[in-house]
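As structure tokens, the structure follows; a few thoughts come after it.
The values are calculated or read from the model by the stated rules, or taken from the named source; none is laboratory data. None of the values given here were measured: they were computed from a predicted structure. Every residue, glycine as well, gets a Cβ built from its backbone with ideal geometry; the counts of neighbours run over all protein chains shown.
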């Protein structure tokens, strides 16, 4: 925040892109660092941090926006630069604009202090996204535990339900079926991609515990053989475990189209498509529509 304020000390008006370019130069941000994203991957980390820095400076009154997307130093900002601190932090901004800043950054660390080190180093977007990732990571772990404890036949049914919810088979549950245990011939499930069943996707589902073993090349070879027996060209191999490097390489080289889904990807898909889970909370995050406040 201090470098941004110093950049605006010439009393000129700057846009976000100009401020970002200055920050890149000021901190020698590499091309690789410029491509880093926030935890959910939707925003560039540099863009996010510069945007929040501008937001905090505006909230504290050190800069203002003479027009949309343009920023200029305020009289308060000029006074601060006459005797600037070593760094402009949220704590410093609270000392000069306590009501404006405190309400938007209030947090407590494990010791009960009103400001954690995390809140000083990360933007609210980053902390929220990382919290979301931690919740989903724990949810994934619990999902795997539940999947490992169900019967093989139930696991196959869950897999078929997931693929139908993903849009395969026209999202019609009647187009998906789990094969009979006694005569599956290496095929655990089938999804009809058209109403007449002329085009089908064949499924192999292995409920193996993670950490105990990996799905190796021999298992993929057996699946390819089962597909060949059905004269099939499409197959999905889903497991709660992992695939070995050899298995992945073999699947890439076969004449049939095979998609491999391991435990990590499986739980992510289950969460994304809400199969067997209930959404606990939904948080709506607003963003100012600046056009609305501009007079014609």
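The number of residues in the range 227-264 that are surrounded by fewer than 18 Cβ atoms within 10 Å (Cβ to Cβ), in contact (Cβ under 8 Å) with a residue 24 or more places away in the chain and closer than 20 Å to residue 200 by Cα comes to 9. Residue count for the range 268-292 satisfying the condition of being modelled with pLDDT under 90 and in a loop (DSSP other than H, G, I, E, B): 14. Output the residues belonging to the range 65-96 that are surrounded by 15 or more Cβ atoms within 10 Å (Cβ to Cβ), within 33 Å of the chain's Cα centre (by Cα) and not in a helix (DSSP H, G or I). Across the range 65-96, the qualifying residues are 71, 88, 89. Does residue 29 qualify as being modelled with pLDDT of 90 or more, within 31 Å of the chain's Cα centre (by Cα) and closer than 17 Å to residue 125 by Cα? So residue 29 does not fit the description; no. Of everything in the range 38-49 that is part of a loop (DSSP other than H, G, I, E, B) and under 23 Å from residue 69 (Cα atoms), the residue that is farthest from the chain's Cα centre (by Cα) is 43. Scanning the range 2-37 for residues that are in contact with a strand residue (DSSP E or B) (Cβ under 8 Å, 6 or more places away or on another chain) and in a loop (DSSP other than H, G, I, E, B) returns 11, 12, 13, 35, 36.
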